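Single-structure report; data block below.
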Amino acid sequence: MHFTQQKRMRVAMIPLMVMGFSLFAVACSNSSNPPVHAASADGPAGISQSQQRRLIHQGKLLFDQTPKEAPDYVGNKLSCSDCHLKSGTAAHAAPMTDLAGTFPQFSKRAGHIISLQDRIQECFVRSEAGQPLPANGPQMVALVAYIDSLSKSQVKSKPYPGRGLIKLPTLIGDPARGKAVYVSQCAACHGIDGAGDPPILPALWGNNSYNDGAGMDNPSKMAAFVSYTMPQDHPGLLTPQQAYDVSAYIHSKPRPKFNEAYKIY
Ligand code: HEC
Ligand code: HEC
């Protein structure tokens, strides 16, 4: 479902675009200020509208096909859009919509103020079980340009209503009950072994899944995500208790270990 003819053509254009980005990165590396993500309608200073459009396009491609587009920095087979649904635009699936202006912001996990680039690196070392994407490299510039492009209508005083995940009551999940939910509601797509069929059907555990430092490995976060978005063909089917149960079951399964060397992210 991801690889239409049109998309294949776009993929063929990437080498050309990457050359363009390298020039841009070189241009920026002499500056003492890293590129900021607060783009004006015309794009950051010194970038034409067509360059800006190409950056946004490349960023969306990175978001939707992360293992393919950033293989050196991804350790599993998950794309950003496997969790941030509809290319990061679906409400309550931790959307990117109107997000850019909320950074820099205080991070409870880091214990200090972080930038949008820092937050993206967190998802690379945890959810992508990989390595931090270089903060000022062309791929980061493209991802940030894409996220910026989803933030055009942002009004500072009015938070986006679909931000983050939904709030569920705090419950205790039971993995044994969760197994029954998994088998009847999830296994058809994600596999009885949790391996899915990437890149179309993402893995929920095992080598191709997120690591144990990821937000999704927190059963209450997964319960909130799942109760609003899954099963993908019948979202809203699970009760909050079933969402906790199935998350507890998935949490009990093996997955990549978080690399403590990346604890600063
Ligand atoms: C395994 C699922 C998963 C994958 C894959 C993933 N993320 Fe995330 N991401 C999350 C979760 C869960 C949160 C936290 C949501 C919350 O706590 O409200 C999050 C939060 C974020 C945030 C902050 C959102 C906010 O509302 O503050 C950004 C930015 C982000 N991710 C970017 C990315 C990018 C870019 C990629 C791809 C390189 C990516 N993520 C891959 C699960 C994932
Ligand atoms: C009809 C197929 C289908 C069913 C059934 C389904 N999912 Fe998914 N799931 C997907 C797809 C496809 C994605 C990737 C996002 C997208 O494209 O919507 C996904 C993404 C996810 C993710 C985030 C990505 C990852 O791999 O961590 C989680 C967690 C998840 N599903 C859990 C569940 C759970 C739990 C159930 C059962 C209650 C379930 N899904 C049922 C198709 C399905």
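Assorted remarks:
- Total residues in segment 125-151, condition within 16 Å of ligand 2 (Cβ to nearest atom) and surrounded by fewer than 24 Cβ atoms within 10 Å (Cβ to Cβ): 1
- Residues within segment 57-74 that are near ligand 1 (Cβ under 10 Å from one of its atoms), over 15 Å from residue 146 (Cα atoms) and among the acidic types (Asp, Glu), tallied: 0
- Residue pairs meeting the criteria (Cβ under 8 Å; at least 6 apart or on separate chains; first farther than 25 Å from residue 223 by Cα and among the hydroxyl-bearing types (Ser, Thr, Tyr), in segment 86-107; second in a loop (DSSP other than H, G, I, E, B) and more than 16 Å from ligand 2 (Cβ to nearest atom)): none
- For the condition crowded, with 17+ Cβ neighbours inside 10 Å, of a type outside the set (Asp, Glu) and over 17 Å from residue 221 (Cβ atoms), residue 77 qualifies.
- Criterion applied to 171, 116 was being touching a helix residue (DSSP H, G or I) at 6+ places or on another chain (Cβ under 9 Å), in contact (Cβ under 8 Å) with a residue 24 or more places away in the chain and buried (at least 21 other Cβ atoms within 10 Å of the Cβ), and the one residue passing it is 116.
- Annotation note: Cβ proximity below 8 Å between a residue of segment 214-242 that is within 13 Å of residue 92 (Cβ to Cβ) and more than 10 Å from ligand 2 (Cβ to nearest atom) and a residue that is assigned to a helix (DSSP H, G or I) and among the small types (Gly, Ala, Ser) (sequence gap 6+ or interchain) occurs for 224/243; 236/227.
- Of all residues making up segment 58-103, the number that are under 23 Å from residue 205 (Cα atoms), away from ligand 2 (no atom under 16 Å from the Cβ) and acidic (Asp, Glu): 2
- Test: residue in segment 35-56 that is among the hydrophobic types (A, V, I, L, M, F, W, C), assigned by TED's automatic domain parsing to the domain that holds residue 117, at pLDDT 95 or above and within 16 Å of ligand 2 (Cβ to nearest atom): no
The values are calculated or read from the model by the stated rules, or taken from the named source; none is laboratory data. Keep in mind that this is a model prediction, so the values were computed, not measured. With ideal geometry, Cβ positions are generated from the backbone for all residues, glycine too; neighbour counts draw on all protein chains shown.
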